[in-house]
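The structure under discussion appears below in the form of structure tokens.
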Amino acid sequence: YTPEEKYAFITLNRTFVKGWNDLVLPFDLSTSSATELFGADQVMNFSGISVDGTSVTLNFTENGDEIKAGKPVMIHFNETPSSTSFKVGTAILSGSAPVDVEMTSGDIAYTFKGTYGDTNLTGTVFTLIQGDYFFNYDGTEGAVKAKTFRGYFENTTKSSGAKVMVAGFNFDGETTGIRELTTDNHKTDVMFDLMGRRVNQPTKGLFILNGKKVIKK
């Protein structure tokens, strides 16, 4: 989708999975219409971050009455929708790019970004959401892509001394932890540090292997 403000009859082609999905729309849509149209049960906004030592939790609250054009949200499904094509009807398409939603706590900042087209993510730690799996990516693996009408999280902390890792996602009081940190075909021999960065030659310390914490002595 190339941003162009116009009145149009819209059919949205988008795949959703069971669990949490990131979503950005190029038009305004009421929350009630979205849940009915897609068959979802919840829509939530990125509302803040909580920092505890070297870990950070991304917080979400109920979306309210409307999903605004360009603003990424999280949408939840109890089951995977059977359709991938949704007839929205008539609406005004946005002529603007997606809106970044940044939340800060002290020196720490995370930004929820949306994309209207396939976007390669490189160079910074990103947290991508896919159902109930969460991925940290620091640019050292192969190309990771955010697909059309999706959102992604970027660590936008400016201070070089502020080092934290995403520990979980708090959806209106219900916290979900990171289950999987690898992005390269779920290798069983890949180890990560607590920042989600791949470690080729781990020394002593605490690491992540196959989604579990391990201590190397």
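The values are calculated or read from the model by the stated rules, or taken from the named source; none is laboratory data. The structure displayed is predicted, hence computed values, not measured ones. For neighbour counting, all protein chains shown are included, and Cβ atoms are generated from backbone atoms with ideal geometry for every residue, glycine included. Just the protein is used for accessible areas: all its heavy atoms, side chains included, with ligands, DNA and RNA removed. Shrake-Rupley method; radii C 1.70, N 1.55, O 1.52, S 1.80 Å.
Computed from label points 7 Å out along Cα-Cβ, the spacing between Ser50 and Lys204 is 3.4 nm.
In order along the stretch 55-72, the phi-based Karplus estimate (6.51 cos²θ - 1.76 cosθ + 1.60, θ = phi - 60°) of 3J(HN,Hα) comes to 10, 10, 10, 8, 9, 9, 10, 3, 5, x, 7, 9, 8, 7, 4, x, 9, x Hz; Gly and Pro are listed as x. Pairs exceeding a 22 Å alpha-carbon distance, out of Lys113/Lys145; Lys18/Lys145; Lys87/Lys145; Lys68/Lys113; Lys6/Lys145: Lys87/Lys145; Lys6/Lys145. Take the Cβ atoms of Val214 and Lys147, set R0 to 35 Å, and the FRET efficiency comes out at 0.65.
Between Glu174 and Ala8, how high is the FRET efficiency from 1/(1 + (r/R0)^6) when r is the Cβ-Cβ distance and R₀ = 41 Å? Nearest 0.05.
0.65
Among Lys6, Lys147, the order of accessible area from largest down is Lys147, Lys6, computed with a 1.4 Å probe on protein heavy atoms. Taken along its three principal axes, the alpha carbon spread of the stretch 1-99 comes to 49, 31, 22 Å, from the longest extent down to the shortest.
Equivalent ellipsoid of the stretch 1-59: semi-axes from √(5λ) of the C-alpha gyration tensor, largest first, are 29, 15, 11 Å.
If R₀ is 41 angstrom, what is the calculated FRET efficiency for the pair Ser32 and Lys158, using the beta carbon separation as r and rounding to 0.05? The value I calculate is 0.60. Taken per residue, the accessible surface of the stretch 1-137 reaches 46 Å², heavy atoms only and a 1.4 Å probe. Annotation: for a label point projected 7 angstrom from Cα along Cα→Cβ of Asp41, residues of the stretch 73-87 with backbone N closer than 12 Å are 76-80.
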